[in-house]
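This report refers to the structure that appears directly beneath it.
Read-outs throughout are calculated quantities, based only on the coordinates presented, and are distinct from any laboratory measurement. Computed from a prediction, not measured in an experiment: that's the story for all the values here. Cβ placement follows ideal geometry from the backbone for every residue including glycine, while neighbour counts extend to all protein chains displayed.
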Amino acid sequence: LIKCVGALLCIIRVLLGPTHSDRIAALDTLGLMLIGFVGILMILQDTMAYTEVILVVAILAFIGSVALAKYLERGNLFDRD
């Protein structure tokens, strides 16, 4: 129940966040909560079947955060030299 409330608050922050930085932080937090939920699910089911899911979500969350931070800092993602 607490994870659901936290996820709902993160979604509200993503939709209504006053700045872009707040929205990026909320998306990153939502990704971490998803990783934690899948990890708890793995423990409860006593399986290692979802390790690839955790890795993919973690990599996508990291790359997304870095890309959005770079876009906010410079205004573009790709340097054309």
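Summary table below
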{"quantity": "Kirkwood hydrodynamic radius (C-alpha pairs) into Stokes-Einstein, segment 39-79, 10 °C and 1.306 mPa s, D in µm²/s", "calculated": "131 µm²/s"}
{"quantity": "Segment I2-Q45, extension gain: residue separation times 0.36 nm, minus the distance between their alpha carbons", "calculated": "13.5 nm"}
{"quantity": "Positive-pole candidate from F62, L27, L15, dipole of segment 1-72, charges at beta carbon", "calculated": "L15"}
{"quantity": "Helix-only [θ]222 nm of the chain, DSSP H runs n ≥ 4, -39500 (n - 2.57) each, per residue, nearest 500", "calculated": "-28000 deg cm²/dmol"}
{"quantity": "Nearest 10 degrees, 0 to 90: helix 2-16 Cα axis against the chain principal axis", "calculated": "20 degrees"}
{"quantity": "Net charge over other residues, Cβ less than 14 angstrom from the Cβ of A7 (K, R count +1; D, E count -1)", "calculated": "+1"}
{"quantity": "Of every Cα-Cα pair in the chain, the percent that sits beyond 16 Å", "calculated": "59 percent"}
{"quantity": "Distance (nanometres) between label positions extended 7 Å along Cα→Cβ at L15 and K70", "calculated": "3.1 nm"}
{"quantity": "Loop trypsin sites (Lys or Arg not before Pro), the chain (other Cβ atoms within 10 Å of the site Cβ: 16 or fewer; DSSP)", "calculated": "R80"}
